[in-house]
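Visitor: This is the structure, below, for whatever I ask next.
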Amino acid sequence: MVEQRATDCVVAGGGPAGVVLAYLLARAGLRVVLLEAKKDFNRRFRGDTLAPAVLDYLDELGLADELLRTIPHTTARTFDWHTAKKTYTIARYDKTSAKYPYYALIPQALFLPHMVGLASAYDGFEVRMQAKVSQLLRDDTGRVCGVQYADADGRHELRARLVVAADGRNSRVRVLAEARTIELGASLDLLWREFPRRGGDPALSGLQLFGHRLGTIAVLNQLDRWQVGFTIEAGSFPRFREEGAGPVVAALRESLPWLGDRVDAVADPGEFTLLPVRITAVDRWYRPGVLLIGDAAHVISPVGGNGINFAICDAAETANQVVPVLLDGGTDAELDAACAEVEVRRRPPVQAEQERQVRIEQSSAKRLRRGLDGPAPVLRLVAAVKPLATLFGSLNARHVMAPSDVVLRREVPVRD
């Protein structure tokens with residue numbers, strides 16, 4: 001027997017977009033069910049960099065200080081590119097925010113359950129783990145009116161005024177909604193591997209690149225371990241496998257000598273996790289009764305680490321637009337208009353970021369083919385002039401600006 005229930009909104013996907021949106025809806029007094037397909041919120045090899053503008057937004061909600069106080073994290077006030085001969089400070093963030101002039105690198109494995117815990121304080125919130133959406137429910141007109149999902153307790157039908165797809169780059173809900181994806185052309189791939197972190201390791205924030213002729217190397221501080229990302233030209237992984245571990249190990253030894261004997265554990269490039277970089281657009285973010293946000297609506301390259309920031313901004317704008325309609329019992333037409341407005345407001349900055357990433361990746365791939373380990377000439381110029389690095393940092397950090405919040409005026413008390 002299929003369990004049947006009803007709620008105001010179903011959010012599919014417990015990534016940054018999904019958990020922040022679920023929190024905002026519950027905070028505003030709506031009934032919301034968050035469906036997460038995995039058994040936990042551990043996200044490996046995912047961006048953890050919260051931009052100053054997003055920290056400012058979380059501060060408006062009264063969340064930022066508690067987040068930074070309770071969750072171990074690192075901060076980055078500059079973006080640096082290291083080569084064997086020189087370090088280039090390409091961006092400085094000291095002018096990005098009066099209160100948070102830095103990027104905060106907070107592991108998603110800690111950030112996501114933290115937000116779910118905050119949402120759980122509201123009566124209208126519910127989370128279901130290992131809950132996989134199998135189909136969209138539709139009414140007689142073809143409008144989406146809920147989801148069917150399966151979890152450890154069986155199959156369930158959940159009726160809702162709105163279904164939000166926040167289930168990532170391989171979104172199941174996007175497929176079910178028959179949204180069309182457009183690949184914009186990625187030029188890079190990423191190889192990731194974890195290494196244990198030791199007490200004598202350098203205090204790296206994560207916003208550093210180490211240039212090498214084989215590819216650039218990123219190092220993310222995950223508190224008890226390092227996540228090391230190796231950027232290669234798209235489609236070149238088979239060649240890396242054929243050449244064996246030797247070149248990769250040599251690159252790591254040259255660029256990160258402090259890893260020492262930990263590099264010896266790399267016996268085969270196949271031990272790295274291949275993350276094919278994708279830059280993907282969707283023809284339209286909404287259909288009647290369903291809205292796509294975050295990576296479900298637009299896959300942003302992990303190069304630069306801004307996917308999490310765009311996802312949170314999508315969630316903020318979605319709450320701004322749909323909360324008044326859902327709380328006030330607005331019509332289906334008004335709800336569709338609210339979803340359309342989310343896309344109107346969020347697509348331009350997303351599209352600008354994706355176009356910028358396509359250009360950067362094309363340039364980076366050309367430099368990889370030439371075996372160059374340093375930044376492009378224009379970035380070397382920026383690094384040479386401190387005011388330019390400050391301006392570059394401000395522009396880069398603020399372009400994901402979260403919209404002003406209206407949900408603050410719709411807050412309900414937490415449960416006792």
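The values are calculated or read from the model by the stated rules, or taken from the named source; none is laboratory data. Quick caveat: nothing in here was measured; it's all calculated off a predicted structure. All Cβ positions, glycine included, derive from the backbone under ideal geometry; neighbour counts span all protein chains shown. The area values use the complete protein model at the heavy-atom level, side chains included, leaving out ligands, DNA and RNA. Shrake-Rupley method; radii C 1.70, N 1.55, O 1.52, S 1.80 Å.
Visitor: On the given criteria, is Arg5 open to solvent by 50 Å² or more (accessible area, probe 1.4 Å), in a helix (DSSP H, G or I) and charged (D, E, K, R)?
Guide: no
Visitor: Quick check on segment 259-275: of everything there that is open to solvent by less than 60 Å² (accessible area, probe 1.4 Å) and modelled with pLDDT of 90 or more, which residue is nearest to Ala245 (Cα to Cα)?
Guide: Val263
Visitor: Separate question: Scan segment 60-74 and report the pairs whose first residue is over 19 Å from Ala121 (Cα atoms) and of a type outside the set (Val, Ile, Thr) and whose second residue is surrounded by fewer than 17 Cβ atoms within 10 Å (Cβ to Cβ) and modelled with pLDDT under 95, with Cβ atoms within less than 8 Å and a gap of 6+ or a chain change.
Guide: Final answer for the pair search is Pro72/Leu223.
Visitor: Something else about it: Looking only at residues that are without any contact (Cβ under 8 Å) to a residue 60 or more places away in the chain and in a helix (DSSP H, G or I) in segment 312-335, which one is nearest to Pro52 (Cα to Cα)?
Guide: Initial filter on segment 312-335 (without any contact (Cβ under 8 Å) to a residue 60 or more places away in the chain): 321, 325, 328-331, 333-334.
Checking the rest, the ones that are also in a helix (DSSP H, G or I) come to 321, 325, 333-334.
On the way: Gln321: 23, Val325: 30, Ala333: 36, Glu334: 33 Å.
Once the filter is applied, the top-ranked residue is Gln321.
Visitor: Here is a further query. I want to confirm something. Restricting to segment 279-311 and keeping residues that are open to solvent by 10 Å² or more (accessible area, probe 1.4 Å), touching a Lys or Arg at 6+ places or on another chain (Cβ under 7 Å) and not in a helix (DSSP H, G or I), which single residue is nearest to Ala104 (Cα to Cα)?
Guide: Asp283
Visitor: So for segment 253-265 (the condition being outside any helix (DSSP H, G or I), out of contact with any Phe, Trp or Tyr (no Cβ under 8 Å at 6 or more places or on another chain) and either free of Cβ contacts under 8 Å to residues at least 40 places away in the same chain or under 30 Å from Leu137 (Cα atoms) (or both)), does at least one residue qualify? Can you show your working first?
Guide: Initial filter on segment 253-265 (outside any helix (DSSP H, G or I)): 256.
Filter once more, keeping what is out of contact with any Phe, Trp or Tyr (no Cβ under 8 Å at 6 or more places or on another chain): none.
No, that holds for no residue.
Visitor: Right, here's the next one. Taking the condition of being over 20 Å from the mean Cα position of the chain (by Cα) and open to solvent by 20 Å² or more (accessible area, probe 1.4 Å), how many residues in segment 102-122 meet it?
Guide: Adding up the residues that qualify gives 2.
Visitor: For the structure I just gave you, tell me whether Ile90 is closer than 21 Å to Gly13 by Cβ and either in contact with a strand residue (DSSP E or B) (Cβ under 7 Å, 6 or more places away or on another chain) or open to solvent by less than 10 Å² (accessible area, probe 1.4 Å) (or both).
Guide: Numbers: closer than 21 Å to Gly13 by Cβ: no; either in contact with a strand residue (DSSP E or B) (Cβ under 7 Å, 6 or more places away or on another chain) or open to solvent by less than 10 Å² (accessible area, probe 1.4 Å) (or both): yes.
So Ile90 fails the test.
Visitor: Being surrounded by 19 or more Cβ atoms within 10 Å (Cβ to Cβ) and under 24 Å from Ala150 (Cβ atoms) is the filter here; which residues of segment 38-78 pass it?
Guide: Within segment 38-78, Phe41, Arg43 qualify.
Visitor: Might you let me know whether segment 339-359 holds any residue that is under 14 Å from Ala28 (Cα atoms) and crowded, with 21+ Cβ neighbours inside 10 Å? Show your work before the answer.
Guide: Keep residues of segment 339-359 that are under 14 Å from Ala28 (Cα atoms), which gives none.
No: segment 339-359 contains no residue that is under 14 Å from Ala28 (Cα atoms) and crowded, with 21+ Cβ neighbours inside 10 Å.
Visitor: Restricting the search to segment 139-149, which residues are of a type in the set (Gly, Ala, Ser) and either under 21 Å from Lys39 (Cβ atoms) or crowded, with 20+ Cβ neighbours inside 10 Å (or both)?
Guide: Here is the first cut: in segment 139-149, the ones of a type in the set (Gly, Ala, Ser) are 142, 146.
Selection gives Gly146 alone.
Visitor: Quick check, is Leu136 farther than 30 Å from Ala389 by Cα and either at pLDDT below 95 or surrounded by 20 or more Cβ atoms within 10 Å (Cβ to Cβ) (or both)?
Guide: Yes.
Visitor: While we're looking at this one, here's another question. Look at segment 171-203 and say how many of its residues are among the polar types (S, T, N, Q) and buried (at least 19 other Cβ atoms within 10 Å of the Cβ).
Guide: Of the residues in segment 171-203, 2 are among the polar types (S, T, N, Q) and buried (at least 19 other Cβ atoms within 10 Å of the Cβ).
Visitor: If a residue has to be without any contact (Cβ under 8 Å) to a residue 12 or more places away in the chain, over 12 Å from Ile279 (Cα atoms) and of a type in the set (Lys, Arg) to count, how many in segment 353-388 make the cut?
Guide: Qualifying residue count for the region: 3.
Visitor: Name the one entry in Val164, Val127 that is under 15 Å from Thr7 (Cβ atoms), β-branched (Val, Ile, Thr), crowded, with 23+ Cβ neighbours inside 10 Å and touching a residue at least 12 places away in the same chain (Cβ under 8 Å).
Guide: Numbers: Val127 fails: crowded, with 23+ Cβ neighbours inside 10 Å.
Criteria check complete, one pass: Val164.
Visitor: Among the strands (runs of 3 or more DSSP E) lying completely within segment 34-137, list those that include at least 1 residues that are charged (D, E, K, R) and farther than 24 Å from Ala165 by Cβ. It would help to see each step written out before you state the result.
Guide: Working: elements: 74-76, 78-82, 87-92, 103-105, 125-129.
Qualifying strands (runs of 3 or more DSSP E): 78-82, 87-92.
Visitor: Just one of (1) at pLDDT 90 or above; (2) of a type outside the set (Val, Ile, Thr); (3) in a strand (DSSP E or B) trips up Leu220, so point out which.
Guide: Against the list (1) at pLDDT 90 or above; (2) of a type outside the set (Val, Ile, Thr); (3) in a strand (DSSP E or B), Leu220 comes up short only on (1).
Visitor: Among the candidates Ile300, Ile293, Ile232, which residue alone is modelled with pLDDT of 90 or more and either in contact with a strand residue (DSSP E or B) (Cβ under 6 Å, 6 or more places away or on another chain) or hydrophobic (A, V, I, L, M, F, W, C) (or both)?
Guide: The match here is Ile293.
Visitor: When segment 236-284 is examined, which residues are found to be in contact with a His (Cβ under 8 Å, 6 or more places away or on another chain) and closer than 30 Å to Ala337 by Cβ? Quick ask: steps written out before the conclusion?
Guide: Just the residues of segment 236-284 that are in contact with a His (Cβ under 8 Å, 6 or more places away or on another chain), to begin with: 251, 254-255, 280-282.
Residues satisfying the conditions are Thr280, Ala281, Val282.
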